[in-house]
Every structure is written in C-alpha cells, then in structure tokens.
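J.: This structure is in structure tokens; I'll ask about it shortly.
The values are calculated or read from the model by the stated rules, or taken from the named source; none is laboratory data. What you see is a predicted model; the values in this text were computed from it and never measured. For neighbour counting, all protein chains shown are included, and Cβ atoms are generated from backbone atoms with ideal geometry for every residue, glycine included. SASA here: full protein model, heavy atoms, side chains in, ligands and nucleic acids out. Shrake-Rupley method; radii C 1.70, N 1.55, O 1.52, S 1.80 Å.
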Amino acid sequence: MRGKSVLLIIGGGIAAYKSLELIRRLAERGVKTRAILTRAGEEFVTPLSVAALTGEKVFQDLFSLTDEAEMGHIQLSRSADLVVVAPATADLMAKMANGLANDLASTTLLATHKKVLMAPAMNVRMWQAASTQRNFETLKRDGVLFVGPEDGEMACGEFGPGRMAEPLEIVAAIERALALPGPLSGIRALVTAGPTQEPLDPVRFLANRSSGKQGYAIAEALARAGAETLLISGPVDIAPPSGVKLMRVTTAREMLAACEAALPADVAVMTAAVADWRPDIAANSKIKKNTDRVVPLIKLVENPDILATLGAHPRRPRLLIGFAAETENVVQNAVAKRKAKGADWIVANDVSGDVMGGDRNRVHIVSAKNGKDEPAEDWPDMTKTEVGARLAARIAQYLGHAA
Ligand code: C5P
C-alpha cells in the first residue's frame, strides 16, 4: 500500500463521515489521498476537515481557475493509482453509468482511465429502485468495482441494503483493487473443509452435518491476505471461494492422500469434520433389504486421523491448526486434543447450538509456548467470515508476515 495514491470522491450522504475515517486508515498505511468533495458532500462534511485529514487542498469546482491552473480534472483523474467513490450516491452512480459530466466529480469519473471502486450508500428504497439496480449492473459491466452496500439499520431509521461498507472493509477492497501483496503473500496454505462421506454401497454413505462454511471462509480470508491457498473439500453445498484453488474429495482416505500430496505447506488449517469411522466394506452393488427380515450389521473400522498424520509428518507444516467441535468441556478437550494430535493451535467451538450450518461462530484458541499451554483465547461471537479474517491475521502475525 505504501507509496500508492487514491483519489477519493466524497458524495453527498450521511455516510460521508465514514470517509473521513477512511482517509485516516489509508494514511496509516502510507497511502496518499486527494479528495474531491461534491456540492452535496459539502452538506455533510466540511472542506476544512477533509483538507486537514488529506493534508492537501480539497477539489470542489469544475471551473475554478486556480484549480485548473494547479491541476485540471483530466490530470486529477490520472494522477492517482485508483479512484474511490465513497459514499457513492444514487446520483453519482447514475451519472457515471450514463456518462454525464456536469460537475467536477462526474467529469473526473468520465475522464479517468484508472480503476474505479464505488462504495454505495443510500436509502434502501433508492438502492432497490429499478434505475439504481440498472445503473449498478451497467457499472459492473463497465468494470467498476464495488464494495458493499451492506444490510443493516440506516441513519434514516429503515433497515435493509444500503449502508456504506465500513472503512476497514473499503481499505481491504482498495488493497485488492490495487492487487497489492497481502500480509501472507509468498505463503502456501492448505485448508480442509466440510464433511467426508464414507460409502456403504453405491447409494448410501455415512456422513455428518458439517456445512463447510467456516473452512471456506478461512480459505477465502487466507487467499485475500495473499496466501497461495489450496482448499481440499468434502461434499458441500456452497460456492467455491474466490482466489482459492479448490480440490473436491469424498472420503477421509481421499482427503488424507490429497493433503499429503499438497505438502510442503507453511500453514495447514484442518477444519474438516472427517468421519472417524467408515464401513469396513463398501459393497459394489446396492445392499438389498433382507427378505428374511435380518437387518444387516454394519461393521466400522477407524479412519486415518489426517491432523495427527500431518502432526507427525516429515514435511509437517510450519503452523498446524486443528479444529475441535465439542458439546461439553470445550477448552479442556481442545487442550488435550492439541497435544494428542501434535497441532500448534486448536480452534475450539461449542457445537451444541446451531453452529453447524449457521453463519456465526464463537471460538476459543488453544495454543502453547515453549511446550507450555497458553491460556485459551476466547473470541466473541462473530460471523464465520470474521473468524476467518481474524484467524488469517493471527496466522500472518505468527509467521512474521504481519502487515
Ligand atoms: O478428534 P476430533 O475429530 O475432534 O478432531 C478434530 C480435528 O481433527 C479437526 O481439525 C479435524 O479436521 C481433524 N481430524 C482429522 N482426521 C480425522 C478426524 C479429525 O484430520 N480422522
């Protein structure tokens, strides 16, 4: 990020106050911001506060002679590495989608040949209006990037999509837009996710309720942070995360073979709910209902433990992280599991509620330092996406790759 520059167009919306924080967050990362404040934007934040934070004059007028002498709109649109519109109002989106150019912001957007990232912010009904949705589609087709809007309560008291993305999310989108190396670039990551299916015959199998959501969120967060990420997934019903290499497997033994073939890796995060047992034989043809009413007995044999195998592997990942889904004594069991499987960390969660298949998670991180157990870290209840992002940041810190 350091040394890059952003041209920030601040439109007229209550979310404009968040743009002031965005400027600060960018400055902390060594990014220089120049700002255009629209006439409507000026109703929400003052040119003085924007100038104080950017450390530069604020550009406001298309026909200002001094501005044109110092920097015309063409040059303004070209001098930055990226143009960011936040808040992007319905009006700014409409203007850009239709090529209107009747003020400094819209003229700059028409003249730029740099990537444009928009963070829409408006009332839910304005966002859902057919014309805004049409403009949104047009802009996406034209290559404009978007971050948000998010669902939530808005300043106007209504609830729904239309809230501007939070400044740190916009910063992350800016990083992606500039394709900057993330804190994990150069790192090879392996993630397992989902359940495994252990066949009884061609139509029946043993499985579990794992949705794969947490593992997919972690893989996506690692990739976003720049890691070269391989996700080895059991059968799940969710879309492949972006930027991740996905390999699908069915059984525990296939998953183990895929993991071993993927080594060496710097970090492995084993979130898969691997079946502990499998039927000792998988019949080649469908097992028939017994005519003499004898129920067939299924004999189970133990599956390999993938985490433990990697824990004792000659090419063991530098950082090996296991998961522990527990219904009681969550932390205690996780501490024992960490040692038994030779993992560095265990991410433990209580699955007695609706964690499996849900979108939220409350986890505890169990680790050790110089062979001694560290006190468990209790993370608050958050979305699985947030758990992924926080875990990726902690991994980067551990591997000495923090931003
Ligand atoms: O023993 P338990 O199944 O609770 O351990 C959970 C951790 O071990 C998870 O990280 C899971 O991915 C991993 N595991 C495995 N192979 C197994 C069973 C569990 O890798 N056969």
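J.: Whenever you get a sec, line up C156, C259 from highest to lowest accessible area (probe 1.4 Å, protein heavy atoms).
T.: Largest accessible area first, the list is C156, C259.
J.: For the chain, build the charge dipole from Cβ charges (+1 Lys, Arg; -1 Asp, Glu) around the Cα centre, then report which of S19, I306, A217 sits farthest towards its positive end.
T.: Most positive-ward Cα: I306.
J.: Can I ask one more? Measuring from label point to label point, each 7 Å out along Cα→Cβ, what is the S285 to L300 span in nm?
T.: 2.9
J.: Apply the Karplus curve 6.51 cos²θ - 1.76 cosθ + 1.60, θ = phi - 60°, to the phi angles in the range 219-224 and return the couplings in whole Hz, x for Gly and Pro.
T.: 4, 5, 5, 5, 5, 4
J.: Ok, one more. Could you tell me the calculated FRET efficiency between E328 and D381, based on Cβ-Cβ distance and R0 = 22 angstrom, to the nearest 0.05?
T.: Result of the calculation: an efficiency of 0.75.
J.: Could I have the simple spin-label model distance between L178 and L110, label points 7 Å from Cα toward Cβ, reported in nm to one decimal?
T.: About 2.9 nm separates the two model spin labels.
J.: Further, regarding this structure: Quick one: how many Å² of R253 are accessible to a 1.4 Å probe, rounded to 10?
T.: 130
J.: For the range 5-177, report the accessible area per residue in Å² (1.4 Å probe, heavy atoms, rounded to an integer).
T.: Averaged over the residues of the range 5-177, the accessible area is 45 Å².
J.: Let me ask something else about it. Counting alpha carbon pairs within less than 8 Å and at least 6 residues apart, what relative contact order, in whole percent, applies to the chain?
T.: Rounded, it is 11 percent for the chain.
J.: Using a 1.4 Å probe, what is the accessible area per residue for the range 285-403, in Å²?
T.: Each residue of the range 285-403 exposes 60 Å² on average to a 1.4 Å probe.
J.: With charges only on Cβ, +1 for K and R and -1 for D and E, what is the dipole size of the chain about its Cα centre, in debye, rounded to 20?
T.: Result for the chain is approximately 1160 debye, rounded to the nearest 20.
J.: Of the DSSP beta bridges with both residues in the range 188-402, give the percent that are antiparallel, rounding to the nearest 5.
T.: Antiparallel: roughly 40 percent of the beta bridges in the range 188-402.
J.: When all alpha-carbon pairs of the range 5-177 are counted, what percent fall beyond 29 Å?
T.: 11
J.: Which order do the peptides 210-219, 381-390 take when ranked by the mean count of other beta-carbon atoms within 10 Å per residue, highest first?
T.: Packing proxy ranking, top to bottom: 210-219, 381-390.
J.: While we're looking at this one, here's another question. When a/c is below 1.5 the answer is rounded, else prolate if a/b is larger than b/c, else oblate, so apply that to the chain with a ≥ b ≥ c taken from the square roots of the Cα gyration tensor eigenvalues.
T.: prolate
J.: If you don't mind, another one. Roughly what would the spin-label model give for A27 and K339, points 7 Å off Cα along C-beta, in nm?
T.: Distance between the two pseudo-spin positions: 5.1 nm.
J.: Give a residue-ordered list of calculated ³J(HN,Hα) values for the range 97-103 (Karplus: 6.51 cos²θ - 1.76 cosθ + 1.60, θ = phi - 60°; whole Hz; x for Gly, Pro).
T.: Per-residue couplings from phi come out as 4, 10, x, 6, 8, 10, 8 Hz.
J.: Then there is this: With equal scatterers on the alpha carbons only and no solvent term, can you work out the Debye log10 of I(q)/I(0) for the range 204-293 at 0.11, 0.12, 0.16, 0.18 1/Å?
T.: Log10 I(q)/I(0), no solvent term: -0.39, -0.45, -0.71, -0.84.
J.: Using a probe of 1.4 angstrom, how much of the accessible area of the chain is carbon and sulfur, in percent?
T.: For the chain, the apolar C and S fraction of the accessible surface comes to 52 percent.
J.: Any chance you could look up the accessible area of R394 with a 1.4 Å probe, heavy atoms only, rounded to 10 Å²?
T.: Result for R394: roughly 50 Å² accessible.
J.: Counting only Cα, what are the radius of gyration and maximum Cα-Cα distance Dmax of the range 77-160, in Å?
T.: In Å, with Rg to one decimal and Dmax whole: 12.9, 39.
J.: I would also like to ask the following. Output the peptides 361-371, 108-118 sorted from most to least packed, where packing is the average of other Cβ atoms within 10 Å over each peptide's residues.
T.: The packing order, highest mean first, is 108-118, 361-371.
J.: Restricting things to Cα coordinates, could you compute the convex hull volume per residue of the range 111-188 in Å³?
T.: Once divided by residue count, the hull of the range 111-188 is 128 Å³.
J.: Here is a further query. How would T107, T250 rank on accessible area, largest to smallest, probe 1.4 Å?
T.: Order by accessible area, largest first: T250, T107.
J.: Further question on the same structure: Rounded to the nearest 0.05, what FRET efficiency do Q133 and R360 give with R0 = 25 Å and r taken as the Cβ-Cβ distance? Could you check?
T.: 0.30
J.: While we're looking at this one, here's another question. Nearest 5 is fine: what % of DSSP beta bridges in the chain come out antiparallel, could you say?
T.: In the chain, approximately 30 percent of DSSP beta bridges are antiparallel ones.
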